[in-house]
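All remarks here apply to the structure that follows.
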Amino acid sequence: MVFVKRRREKDIGWITVDRPDALNALNSNVLKELKVAADRMAADEKVSVVIVTGSGEKAFVAGADIKEMLGKTPLEMRSFTMLGHDAMNTIARMEKPVIAAVNGYALGGGLELALACDIRIASENTMLGVPEVKLGIFPGFGGTQRLTNVVGKGWAAEMVFTGRMVTAKEALSMGLVNKVVPLTDLTKEVKGLAGMIAKNGPIGVRLAKSAINMALEGSLTDGLAYERELVSLAFSTEDKEEGMKAFLEKRKANFKGK
Ligand code: DAK
(Lines give C-alpha, C1' and ligand atoms only; values in the text may rest on other atoms or scores of the structure.)
Protein backbone atom coordinates (compact mmCIF):
# COMPACT_ATOMS: atom_id res chain seq x y z
CA MET A 1 0.00 0.00 0.00
CA VAL A 2 1.58 3.26 -1.14
CA PHE A 3 -1.09 5.94 -0.67
CA VAL A 4 -3.20 4.46 2.11
CA LYS A 5 -1.71 3.44 5.45
CA ARG A 6 -3.36 0.96 7.73
CA ARG A 7 -2.57 0.29 11.38
CA ARG A 8 -4.19 -1.13 14.50
CA GLU A 9 -3.89 0.29 18.00
CA LYS A 10 -5.49 -2.27 20.33
CA ASP A 11 -9.09 -2.51 19.11
CA ILE A 12 -9.01 0.64 16.96
CA GLY A 13 -8.11 0.42 13.27
CA TRP A 14 -6.69 3.50 11.51
CA ILE A 15 -6.94 4.12 7.78
CA THR A 16 -4.90 7.15 6.65
CA VAL A 17 -4.97 8.57 3.13
CA ASP A 18 -1.33 9.46 2.69
CA ARG A 19 -0.75 11.67 -0.33
CA PRO A 20 -0.09 15.02 1.32
CA ASP A 21 1.63 16.60 -1.72
CA ALA A 22 -1.72 16.51 -3.53
CA LEU A 23 -3.73 17.24 -0.36
CA ASN A 24 -4.61 13.53 -0.25
CA ALA A 25 -6.61 13.74 -3.50
CA LEU A 26 -8.28 10.50 -4.55
CA ASN A 27 -6.72 9.01 -7.68
CA SER A 28 -7.43 5.47 -8.93
CA ASN A 29 -4.66 3.97 -6.84
CA VAL A 30 -5.84 5.69 -3.65
CA LEU A 31 -9.39 4.44 -4.26
CA LYS A 32 -8.20 0.86 -4.89
CA GLU A 33 -6.08 0.94 -1.73
CA LEU A 34 -8.92 2.45 0.31
CA LYS A 35 -11.15 -0.45 -0.68
CA VAL A 36 -8.47 -2.99 0.29
CA ALA A 37 -7.84 -1.22 3.61
CA ALA A 38 -11.58 -1.13 4.40
CA ASP A 39 -11.97 -4.83 3.52
CA ARG A 40 -9.04 -5.75 5.78
CA MET A 41 -10.42 -3.68 8.67
CA ALA A 42 -13.82 -5.33 8.23
CA ALA A 43 -12.21 -8.78 8.34
CA ASP A 44 -9.87 -8.12 11.29
CA GLU A 45 -11.63 -9.52 14.35
CA LYS A 46 -9.39 -7.51 16.65
CA VAL A 47 -10.71 -4.23 15.24
CA SER A 48 -13.91 -2.90 16.87
CA VAL A 49 -13.96 0.66 15.54
CA VAL A 50 -12.29 2.17 12.47
CA ILE A 51 -11.00 5.74 12.12
CA VAL A 52 -10.43 7.30 8.67
CA THR A 53 -8.20 10.37 8.35
CA GLY A 54 -5.78 12.18 6.04
CA SER A 55 -2.03 12.74 6.30
CA GLY A 56 -0.67 16.13 7.28
CA GLU A 57 -2.25 19.15 8.91
CA LYS A 58 -3.86 20.76 5.89
CA ALA A 59 -6.28 18.30 4.37
CA PHE A 60 -8.46 15.32 5.12
CA VAL A 61 -8.97 14.77 1.38
CA ALA A 62 -9.27 17.66 -1.12
CA GLY A 63 -11.40 15.66 -3.55
CA ALA A 64 -11.12 13.32 -6.47
CA ASP A 65 -7.89 13.88 -8.40
CA ILE A 66 -8.67 16.62 -10.92
CA LYS A 67 -5.47 15.97 -12.91
CA GLU A 68 -6.45 12.32 -13.41
CA MET A 69 -10.10 13.10 -14.18
CA LEU A 70 -9.31 15.74 -16.81
CA GLY A 71 -8.04 13.20 -19.33
CA LYS A 72 -10.72 10.58 -18.82
CA THR A 73 -13.34 9.50 -21.35
CA PRO A 74 -16.86 8.92 -20.00
CA LEU A 75 -16.24 5.15 -19.97
CA GLU A 76 -12.95 5.56 -18.10
CA MET A 77 -14.74 7.91 -15.72
CA ARG A 78 -17.39 5.23 -15.18
CA SER A 79 -14.67 2.77 -14.05
CA PHE A 80 -13.13 5.46 -11.82
CA THR A 81 -16.53 6.12 -10.26
CA MET A 82 -17.00 2.43 -9.59
CA LEU A 83 -13.71 2.40 -7.68
CA GLY A 84 -14.99 5.35 -5.62
CA HIS A 85 -18.36 3.76 -4.96
CA ASP A 86 -16.72 0.42 -4.07
CA ALA A 87 -14.42 2.05 -1.51
CA MET A 88 -17.10 4.28 0.02
CA ASN A 89 -19.83 1.62 0.07
CA THR A 90 -17.44 -0.79 1.80
CA ILE A 91 -16.90 1.81 4.52
CA ALA A 92 -20.59 2.72 4.79
CA ARG A 93 -21.75 -0.90 4.90
CA MET A 94 -18.93 -2.31 7.04
CA GLU A 95 -20.50 -3.83 10.16
CA LYS A 96 -18.24 -1.77 12.38
CA PRO A 97 -18.55 1.89 13.33
CA VAL A 98 -16.35 4.15 11.22
CA ILE A 99 -15.35 7.63 12.45
CA ALA A 100 -13.93 10.29 10.12
CA ALA A 101 -11.24 12.37 11.84
CA VAL A 102 -11.54 15.35 9.50
CA ASN A 103 -8.26 17.22 9.81
CA GLY A 104 -8.52 19.98 7.21
CA TYR A 105 -10.03 20.41 3.73
CA ALA A 106 -12.78 17.86 3.05
CA LEU A 107 -13.88 18.74 -0.47
CA GLY A 108 -15.74 16.93 -3.23
CA GLY A 109 -14.84 13.24 -3.05
CA GLY A 110 -13.16 14.00 0.30
CA LEU A 111 -16.40 15.16 1.86
CA GLU A 112 -18.14 12.21 0.21
CA LEU A 113 -15.61 9.91 1.89
CA ALA A 114 -16.31 11.55 5.27
CA LEU A 115 -20.04 11.16 4.60
CA ALA A 116 -19.58 7.43 4.00
CA CYS A 117 -18.31 7.23 7.60
CA ASP A 118 -20.84 7.04 10.44
CA ILE A 119 -19.56 9.92 12.57
CA ARG A 120 -17.49 13.00 11.66
CA ILE A 121 -15.27 14.85 14.13
CA ALA A 122 -13.58 17.92 12.62
CA SER A 123 -10.62 20.05 13.58
CA GLU A 124 -11.19 23.83 13.78
CA ASN A 125 -9.19 24.48 10.59
CA THR A 126 -11.46 22.24 8.52
CA MET A 127 -13.30 23.60 5.48
CA LEU A 128 -15.94 21.40 3.91
CA GLY A 129 -17.64 21.62 0.54
CA VAL A 130 -18.69 20.07 -2.71
CA PRO A 131 -17.15 22.47 -5.27
CA GLU A 132 -17.75 20.21 -8.29
CA VAL A 133 -20.12 22.70 -10.01
CA LYS A 134 -17.15 25.07 -10.23
CA LEU A 135 -15.52 22.39 -12.42
CA GLY A 136 -18.59 22.03 -14.61
CA ILE A 137 -19.74 18.76 -13.05
CA PHE A 138 -21.49 17.82 -9.80
CA PRO A 139 -20.75 15.36 -6.94
CA GLY A 140 -20.51 11.78 -8.19
CA PHE A 141 -19.25 9.66 -5.30
CA GLY A 142 -22.62 9.60 -3.53
CA GLY A 143 -22.58 13.25 -2.45
CA THR A 144 -26.04 14.21 -3.66
CA GLN A 145 -27.49 11.28 -1.73
CA ARG A 146 -25.43 11.05 1.49
CA LEU A 147 -25.11 14.82 1.97
CA THR A 148 -28.89 15.19 1.60
CA ASN A 149 -29.44 12.36 4.10
CA VAL A 150 -27.16 13.99 6.65
CA VAL A 151 -28.05 17.70 6.40
CA GLY A 152 -31.44 17.70 4.63
CA LYS A 153 -32.41 19.03 1.21
CA GLY A 154 -32.05 22.77 1.88
CA TRP A 155 -28.45 22.71 3.09
CA ALA A 156 -27.45 20.03 0.56
CA ALA A 157 -28.94 22.04 -2.29
CA GLU A 158 -27.18 25.22 -1.15
CA MET A 159 -23.83 23.47 -0.81
CA VAL A 160 -24.09 21.59 -4.12
CA PHE A 161 -25.50 24.48 -6.19
CA THR A 162 -23.08 27.15 -4.89
CA GLY A 163 -20.03 24.93 -4.40
CA ARG A 164 -19.10 27.17 -1.47
CA MET A 165 -17.02 25.86 1.42
CA VAL A 166 -18.38 25.95 4.96
CA THR A 167 -16.29 26.28 8.09
CA ALA A 168 -16.18 23.52 10.70
CA LYS A 169 -18.32 25.72 12.96
CA GLU A 170 -20.98 26.16 10.29
CA ALA A 171 -20.82 22.43 9.51
CA LEU A 172 -21.48 21.74 13.19
CA SER A 173 -24.58 23.92 13.15
CA MET A 174 -25.85 22.01 10.07
CA GLY A 175 -25.25 18.60 11.66
CA LEU A 176 -22.64 17.85 8.99
CA VAL A 177 -20.04 17.13 11.69
CA ASN A 178 -20.69 15.85 15.22
CA LYS A 179 -18.05 17.89 17.02
CA VAL A 180 -15.29 20.44 16.36
CA VAL A 181 -12.04 20.43 18.32
CA PRO A 182 -8.62 22.11 17.99
CA LEU A 183 -6.40 20.22 15.52
CA THR A 184 -4.02 19.29 18.35
CA ASP A 185 -6.88 17.52 20.17
CA LEU A 186 -8.35 15.68 17.19
CA THR A 187 -6.54 12.37 17.67
CA LYS A 188 -7.30 12.30 21.40
CA GLU A 189 -10.95 13.15 20.72
CA VAL A 190 -11.55 10.43 18.10
CA LYS A 191 -9.65 7.85 20.15
CA GLY A 192 -11.80 8.71 23.18
CA LEU A 193 -14.97 8.34 21.14
CA ALA A 194 -13.77 5.09 19.55
CA GLY A 195 -12.83 3.77 23.00
CA MET A 196 -16.29 4.60 24.36
CA ILE A 197 -17.88 2.62 21.51
CA ALA A 198 -15.40 -0.27 21.77
CA LYS A 199 -16.35 -0.88 25.41
CA ASN A 200 -19.90 -1.81 24.41
CA GLY A 201 -21.12 -5.19 23.24
CA PRO A 202 -19.64 -5.45 19.72
CA ILE A 203 -22.46 -7.53 18.27
CA GLY A 204 -25.06 -5.02 19.48
CA VAL A 205 -23.07 -2.15 17.97
CA ARG A 206 -22.63 -3.93 14.64
CA LEU A 207 -26.28 -4.93 14.33
CA ALA A 208 -27.25 -1.36 15.28
CA LYS A 209 -25.15 0.04 12.41
CA SER A 210 -26.87 -2.30 10.02
CA ALA A 211 -30.29 -1.18 11.32
CA ILE A 212 -29.35 2.53 11.16
CA ASN A 213 -28.20 2.07 7.55
CA MET A 214 -31.62 0.63 6.74
CA ALA A 215 -33.17 3.96 7.81
CA LEU A 216 -31.53 5.48 4.73
CA GLU A 217 -32.23 2.68 2.31
CA GLY A 218 -35.79 1.52 2.87
CA SER A 219 -39.23 2.53 4.11
CA LEU A 220 -40.01 3.08 7.81
CA THR A 221 -42.05 -0.13 7.81
CA ASP A 222 -39.13 -2.13 6.40
CA GLY A 223 -36.69 -0.43 8.76
CA LEU A 224 -38.78 -1.18 11.85
CA ALA A 225 -39.17 -4.80 10.77
CA TYR A 226 -35.41 -5.10 10.18
CA GLU A 227 -34.64 -3.50 13.56
CA ARG A 228 -37.04 -5.92 15.27
CA GLU A 229 -35.38 -8.97 13.68
CA LEU A 230 -31.84 -7.80 14.43
CA VAL A 231 -32.51 -6.82 18.04
CA SER A 232 -34.18 -10.21 18.56
CA LEU A 233 -31.02 -11.79 17.17
CA ALA A 234 -29.02 -9.88 19.80
CA PHE A 235 -30.98 -11.83 22.42
CA SER A 236 -29.31 -15.04 21.20
CA THR A 237 -25.83 -13.81 22.20
CA GLU A 238 -23.66 -14.49 25.26
CA ASP A 239 -22.97 -10.74 25.29
CA LYS A 240 -26.62 -10.02 26.05
CA GLU A 241 -26.50 -12.44 29.04
CA GLU A 242 -23.27 -10.85 30.23
CA GLY A 243 -24.45 -7.25 29.73
CA MET A 244 -27.70 -7.71 31.61
CA LYS A 245 -26.15 -9.79 34.42
CA ALA A 246 -23.34 -7.24 34.82
CA PHE A 247 -25.92 -4.47 35.21
CA LEU A 248 -27.82 -6.38 37.89
CA GLU A 249 -24.59 -7.40 39.67
CA LYS A 250 -23.41 -3.75 39.57
CA ARG A 251 -20.16 -4.54 37.73
CA LYS A 252 -18.60 -3.76 34.34
CA ALA A 253 -19.59 -6.14 31.56
CA ASN A 254 -16.91 -8.30 30.01
CA PHE A 255 -18.10 -8.68 26.43
CA LYS A 256 -16.63 -11.42 24.25
CA GLY A 257 -18.35 -10.67 20.95
CA LYS A 258 -20.20 -14.00 21.07
N1 DAK B 1 -6.93 16.96 -7.32
C2 DAK B 1 -5.63 16.99 -7.67
N3 DAK B 1 -4.71 17.74 -7.07
C4 DAK B 1 -5.12 18.53 -6.07
C5 DAK B 1 -6.48 18.58 -5.65
C6 DAK B 1 -7.40 17.72 -6.32
N7 DAK B 1 -8.69 17.65 -5.97
N8 DAK B 1 -6.58 19.47 -4.63
C9 DAK B 1 -5.33 19.96 -4.42
N10 DAK B 1 -4.47 19.40 -5.30
C11 DAK B 1 -3.02 19.66 -5.43
C12 DAK B 1 -2.78 21.00 -6.10
O13 DAK B 1 -2.87 20.88 -7.51
C14 DAK B 1 -1.37 21.29 -5.64
O15 DAK B 1 -0.49 20.50 -6.40
P16 DAK B 1 0.88 21.16 -7.03
O17 DAK B 1 0.40 22.34 -7.83
O18 DAK B 1 1.67 21.53 -5.81
O19 DAK B 1 1.45 20.03 -7.84
C20 DAK B 1 -1.36 20.74 -4.22
O21 DAK B 1 -2.43 19.81 -4.14
C22 DAK B 1 -1.59 21.81 -3.15
O23 DAK B 1 -2.78 22.49 -3.50
P24 DAK B 1 -2.85 24.10 -3.63
O25 DAK B 1 -1.54 24.66 -4.02
O26 DAK B 1 -4.03 24.41 -4.48
O27 DAK B 1 -3.14 24.49 -2.11
P28 DAK B 1 -3.93 25.78 -1.58
O29 DAK B 1 -3.69 25.82 -0.09
O30 DAK B 1 -3.60 26.99 -2.37
O31 DAK B 1 -5.49 25.45 -1.84
C32 DAK B 1 -7.44 24.05 -1.86
C33 DAK B 1 -6.08 24.38 -1.18
C34 DAK B 1 -7.99 22.77 -1.23
C35 DAK B 1 -8.44 25.21 -1.60
C36 DAK B 1 -7.23 23.91 -3.38
O37 DAK B 1 -6.15 22.97 -3.58
C38 DAK B 1 -8.43 23.40 -4.12
O39 DAK B 1 -9.38 24.12 -4.38
N40 DAK B 1 -8.40 22.10 -4.51
C41 DAK B 1 -9.43 21.53 -5.35
C42 DAK B 1 -10.64 21.21 -4.53
C43 DAK B 1 -11.74 20.61 -5.40
O44 DAK B 1 -12.19 21.23 -6.37
N45 DAK B 1 -12.17 19.40 -5.01
C46 DAK B 1 -13.21 18.71 -5.75
C47 DAK B 1 -12.57 17.82 -6.77
S48 DAK B 1 -13.74 17.18 -7.88
C49 DAK B 1 -17.80 11.55 -10.65
C50 DAK B 1 -17.39 10.97 -9.48
C51 DAK B 1 -16.71 11.72 -8.55
C52 DAK B 1 -16.43 13.06 -8.77
C53 DAK B 1 -16.83 13.60 -9.94
C54 DAK B 1 -17.52 12.86 -10.90
N55 DAK B 1 -18.54 10.78 -11.67
C56 DAK B 1 -19.50 9.83 -11.23
C57 DAK B 1 -18.44 11.11 -13.04
C58 DAK B 1 -15.69 13.81 -7.80
C59 DAK B 1 -15.22 15.01 -8.06
C60 DAK B 1 -14.35 15.80 -7.16
O61 DAK B 1 -14.08 15.44 -6.04
Hey, A168 buried (at least 19 other Cβ atoms within 10 Å of the Cβ) and away from the ligand (no atom under 13 Å from the Cβ) or not:
yes
Show the residue pairs that are 6+ apart or on different chains and have beta-carbon atoms under 7 Å apart, the first residue being within the range 62-88 and without any contact (Cβ under 8 Å) to a residue 60 or more places away in the chain and farther than 23 Å from M165 by Cα, the second being assigned to a helix (DSSP H, G or I) and of a type in the set (F, W, Y).
K72/F80
Complete set of residues in the range 104-147 that are of a type in the set (D, E) and more than 8 Å from the ligand (Cβ to nearest atom)
D118, E124
Candidate set: the range 65-103, residues that are more than 9 Å from the ligand (Cβ to nearest atom) and β-branched (V, I, T); chosen: the one surrounded by the fewest Cβ atoms within 10 Å (Cβ to Cβ):
T73
Inspect the range 215-238 for any residue being surrounded by 14 or more Cβ atoms within 10 Å (Cβ to Cβ), at pLDDT 95 or above, of a type outside the set (A, V, I, L, M) and farther than 28 Å from L113 by Cβ and give the result as yes or no.
yes
Long-range neighbours under 8 Å by Cβ, at least six apart or interchain, first residue in contact (Cβ under 8 Å) with a residue 40 or more places away in the chain and assigned to a helix (DSSP H, G or I) within the range 129-152, second among the hydroxyl-bearing types (S, T, Y) and surrounded by 15 or more Cβ atoms within 10 Å (Cβ to Cβ)
none
Does A208 meet the test of being part of a helix (DSSP H, G or I) and surrounded by 14 or more Cβ atoms within 10 Å (Cβ to Cβ)?
yes
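The values are calculated or read from the model by the stated rules, or taken from the named source; none is laboratory data. The model shown is predicted, which means the values in this text are computed figures rather than measured ones. Glycine gets a Cβ as well: all are built from the backbone with ideal geometry, and neighbour counts include every protein chain shown.
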